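Structure record follows, encoded as structure tokens.
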2 protein chains.
Amino acid sequence: MDARVSADAGFDLRAWSAQRLALVEKCLEGWVVADAPAGLGEAMRYAVLDGGKRLRPLLVLAASEAVRGNEHAAMRAACAAELIHAYSLVHDDMPCMDNDILRRGKPTVHVKFGQAQALLAGDALQALAFEILAPEGDSVPAATQAALCRLLARAAGHEGMAGGQAIDLASVGHALTEEQLRRMHKLKTGALLQGSVMMGAACGAPSAQAHEALARYGAAMGLAFQVVDDILDVTADSATLGKTAGKDAAQDKPTYVSLLGLERSRAHAQELLALAVDALAASGLPDTRALHALAMMVVNRDN
Amino acid sequence: MDARVSADAGFDLRAWSAQRLALVEKCLEGWVVADAPAGLGEAMRYAVLDGGKRLRPLLVLAASEAVRGNEHAAMRAACAAELIHAYSLVHDDMPCMDNDILRRGKPTVHVKFGQAQALLAGDALQALAFEILAPEGDSVPAATQAALCRLLARAAGHEGMAGGQAIDLASVGHALTEEQLRRMHKLKTGALLQGSVMMGAACGAPSAQAHEALARYGAAMGLAFQVVDDILDVTADSATLGKTAGKDAAQDKPTYVSLLGLERSRAHAQELLALAVDALAASGLPDTRALHALAMMVVNRDN
């Protein structure tokens with residue numbers, strides 16, 4: 001069966017997403033407060049609000065719904081994952097990293113607020129992510145809070161996103177094997193995407209079978225995301241992407257396209273999609289339509 | 001009673017600290033692993049190991065011992081507080097912030113490893129702090145894990161350390177009132193110091209009276225630390241400090257000394273010490289000698 005045509009005809013991802021993202025935006029609006037001192041809140045809000053695909057929140061919420069997770073926990077985890085993503089973009093765009101001036105069609109945070117404020121805004125967004133995961137009161141059980149902090153910290157840290165970015169830095173101008181490239185992307189992008197799925201799972205109590213299947217889904221979908229990113233960097237224009245196109249080649253960064261070529265990269269993305277879909281089928285979970293539709297969206301997107 | 005002479009004669013802070021710091025160093029050695037990808041682990045270890053007064057870990061451990069807290073939780077909280085402190089120094093020293101090249105008598109992280117790696121090492125250290133607080137297994141109860149994550153995130157974030165640094169940035173070249181200066185320092189340095197005390201408290205189950213007293217102790221001691229820092233920036237030399245002396249004045253930053261003068265700043269530090277000591281006396285806790293001795297050390301230190 002071709003994974004591209006296997007979506008449940010009755011599932012409307014656009015409507016499903018719109019409903020959930022309205023709540024995600026409302027929560028982010030409330031949690032990323034403008035009145036943090038000395039303009040810091042303004043820079044944090046600029047980095048987070050009104051932009052982005054919100055893929056990580058959607059993955060958290062879809063996974064949590066698949067395991068019938070605690071809704072309060074899931075919404076917090078969804079927003080926390082997005083805050084980590086947003087902070088990583090702020091720091092990644094800084095002159096000492098990728099030195100990018102355009103993000104989501106707007107000036108990057110350091111261009112708008114200065115480098116020092118961008119650095120602090122990123123730092124504060126990371127702290128806020130963990131603050132959101134550990135609320136007072138009993139809306140989220142303490143065991144869930146602790147599990148979510150553990151998963152997010154691992155996904156963000158030296159064995160996750162930050163580690164992947166260190167490999168990325170070190171790889172500029174170097175030829176990587178496919179195995180090395182996969183490890184870099186697995187950490188740099190995949191860890192937080194898979195982590196988002198697993199945070200959603202941690203909002204409920206999935207069977208070992210479902211847990212393992214969701215981990216496989218997250219790994220395949222996370223890697224597929226990056227393969228497609230590499231493809232779009234070559235094939236799309238900056239206006240469609242909302243960020244600078246062609247910058248991997250300009251910065252002499254190894255990518256799936258530079259390693260495998262465009263056609264084999266496209267085929268690889270479809271293989272990964274098929275793996276993700278197979279994992280869902282093996283999960284034993286009654287309704288994984290949203291996760292399924294999100295994986296298809298990840299692979300077939302044009303920005 | 002003069003707080004300077006009220007220490008319990010029988011308490012040996014040096015021996016107490018040495019015993020605890022041996023374990024803190026061993027834990028940090030184990031948790032800040034060298035094999036993080038692409039040199040990131042090396043930069044993280046350089047930032048954390050073999051340096052610093054370890055005041056925050058000592059405060060966590062002293063407070064936890066005062067409330068007979070869970071020792072596993074306290075050691076994790078002690079190390080997590082130090083990781084947050086270490087990351088803040090790495091970022092604070094970067095060219096877009098204080099642009100400092102000397103720290104603890106050694107080249108700063110960005111001088112040694114480059115700005116991009118310094119940025120990532122700081123980011124990864126923050127994530128690692130939360131990872132350490134949320135271990136798998138049941139050595140630390142989930143409720144304690146969640147409380148520690150909450151306290152550390154607040155102390156580090158926009159209403160704590162990061163917020164204080166934003167005020168610091170914005171205040172260069174401006175005259176502040178004492179109230180504004182106090183707010184800046186309360187956030188920038190005080191939040192994590194007080195947070196360390198409260199994390200120690202959260203490792204046990206103090207009475208409301210003890211909890212409130214420890215909060216007052218932490219607030220007074222945290223502010224005293226910064227007043228003394230401002231004094232030492234003027235009176236000590238770089239070799240004694242292990243960092244660049246006189247940089248507040250050189251960077252035209254408002255300080256207690258620039259606002260109150262040297263003598264009134266010294267008197268203010270002693271007043272804050274007396275407040276901290278009074279709070280301990282009002283705590284109802286049977287043994288607060290370590291906390292008492294640490295407050296005296298903070299105020300009477302020469303580096």
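The values are calculated or read from the model by the stated rules, or taken from the named source; none is laboratory data. Just so it is clear, the structure is predicted and the values come from calculations on it, not from any experiment. So basically every Cβ, Gly included, is an ideal-geometry build from the backbone, and we count neighbours across all protein chains shown.
The criterion of being closer than 30 Å to A:LYS253 by Cα, within 14 Å of chain B (Cβ to nearest Cβ), free of Cβ contacts under 8 Å to residues at least 12 places away in the same chain and out of contact with any strand residue (DSSP E or B) (no Cβ under 7 Å at 6 or more places or on another chain) does not hold for A:ALA80. Anything in segment A:86-104 that is over 18 Å from A:LYS253 (Cβ atoms) and more than 19 Å from the chain's Cα centre (by Cα)? List them, or say none. Listed by number, the list is empty, since nothing qualifies.
Of all the residues that make up segment A:204-216, how many are among the hydroxyl-bearing types (Ser, Thr, Tyr) and surrounded by 23 or more Cβ atoms within 10 Å (Cβ to Cβ)? Steps first, please.
Of the residues in segment A:204-216, the ones among the hydroxyl-bearing types (Ser, Thr, Tyr) are A:207.
Retained after the next criterion (residues that are surrounded by 23 or more Cβ atoms within 10 Å (Cβ to Cβ)): none.
Summing the residues that are among the hydroxyl-bearing types (Ser, Thr, Tyr) and surrounded by 23 or more Cβ atoms within 10 Å (Cβ to Cβ) in segment A:204-216 gives 0.
Taken over segment B:106-139, the residue count meeting the criterion of being buried (at least 24 other Cβ atoms within 10 Å of the Cβ), more than 7 Å from chain A (Cβ to nearest Cβ) and either outside any helix (DSSP H, G or I) or in contact with a strand residue (DSSP E or B) (Cβ under 7 Å, 6 or more places away or on another chain) (or both) is 1. If the condition is being out of contact with any strand residue (DSSP E or B) (no Cβ under 8 Å at 6 or more places or on another chain) and at positive phi, then segment A:83-104 contributes only A:ASN99. In segment A:109-132, the residue that is farthest from B:ARG154 (Cα to Cα) out of those that are free of Cβ contacts under 8 Å to residues at least 40 places away in the same chain and of a type in the set (D, E, K, R) is A:ASP123. The residues listed here are A:ALA155, A:ALA191, A:ALA201, A:ALA170; of these, the one that is facing chain B (nearest Cβ under 10 Å) and surrounded by 24 or more Cβ atoms within 10 Å (Cβ to Cβ) is A:ALA155. Filtered by the rule that a residue be of a type in the set (A, V, I, L, M) and more than 20 Å from B:LEU28 (Cα to Cα), segment B:124-150 gives B:ALA142, B:ALA143, B:ALA146, B:ALA147. Of all residues in segment B:56-88, those satisfying the criterion of being buried (at least 24 other Cβ atoms within 10 Å of the Cβ) and of a type in the set (Lys, Arg) are B:ARG56, B:ARG76. For A:ASP35, state whether it is farther than 30 Å from A:ASP138 by Cβ, of a type in the set (D, E, K, R) and in a loop (DSSP other than H, G, I, E, B). So A:ASP35 fails the test. Checking each residue of segment B:26-42 against the condition of being touching a residue at least 12 places away in the same chain (Cβ under 8 Å), within 15 Å of the chain's Cα centre (by Cα), under 26 Å from A:LEU119 (Cβ atoms) and within 14 Å of chain A (Cβ to nearest Cβ) gives no match. Being under 15 Å from B:ALA269 (Cα atoms) and of a type outside the set (Gly, Ala, Ser) holds for only one residue in B:ASP237, B:ASP230, and it is B:ASP230.
Being closer than 30 Å to B:HIS110 by Cα, buried (at least 17 other Cβ atoms within 10 Å of the Cβ) and of a type in the set (Val, Ile, Thr) is a property that A:ILE101 lacks. The residue that is nearest to B:HIS185 (Cα to Cα), among those in segment B:140-152 that are without any contact (Cβ under 8 Å) to a residue 60 or more places away in the chain and more than 7 Å from every other protein chain (Cβ to nearest Cβ), is B:LEU151.
Going residue by residue through segment B:155-169, is there one that turns out to be modelled with pLDDT of 95 or more and farther than 15 Å from A:ALA38 by Cβ? The answer is yes, given that some residue of segment B:155-169 is modelled with pLDDT of 95 or more and farther than 15 Å from A:ALA38 by Cβ. Among the residues of segment A:28-53, those identified as buried (at least 21 other Cβ atoms within 10 Å of the Cβ) and modelled with pLDDT of 95 or more are A:LEU28, A:VAL32, A:LEU40, A:ALA43, A:MET44, A:TYR46, A:ALA47, A:VAL48. Exactly one residue out of A:VAL197, A:VAL227 is closer than 19 Å to A:LEU294 by Cβ, without any contact (Cβ under 8 Å) to a residue 60 or more places away in the chain and under 15 Å from the mean Cα position of the chain (by Cα): that is A:VAL227.
For A:ALA118, the stated conditions do not hold, so it cannot be described as at pLDDT 95 or above and farther than 19 Å from B:ALA127 by Cβ.
Only residues in segment B:154-180 that are at positive phi and part of a helix (DSSP H, G or I) count as the first member; pair them with residues that are surrounded by fewer than 24 Cβ atoms within 10 Å (Cβ to Cβ) and at pLDDT below 95, Cβ under 9 angstrom, at least 6 apart or cross-chain, and list the lot. From segment B:154-180, no pairs qualify. Among the residues of segment A:89-98, is any within 14 Å of another protein chain (Cβ to nearest Cβ), among the β-branched types (Val, Ile, Thr), assigned to a helix (DSSP H, G or I) and surrounded by 24 or more Cβ atoms within 10 Å (Cβ to Cβ)? Yes, there is a match, as at least one residue in segment A:89-98 is within 14 Å of another protein chain (Cβ to nearest Cβ), among the β-branched types (Val, Ile, Thr), assigned to a helix (DSSP H, G or I) and surrounded by 24 or more Cβ atoms within 10 Å (Cβ to Cβ).
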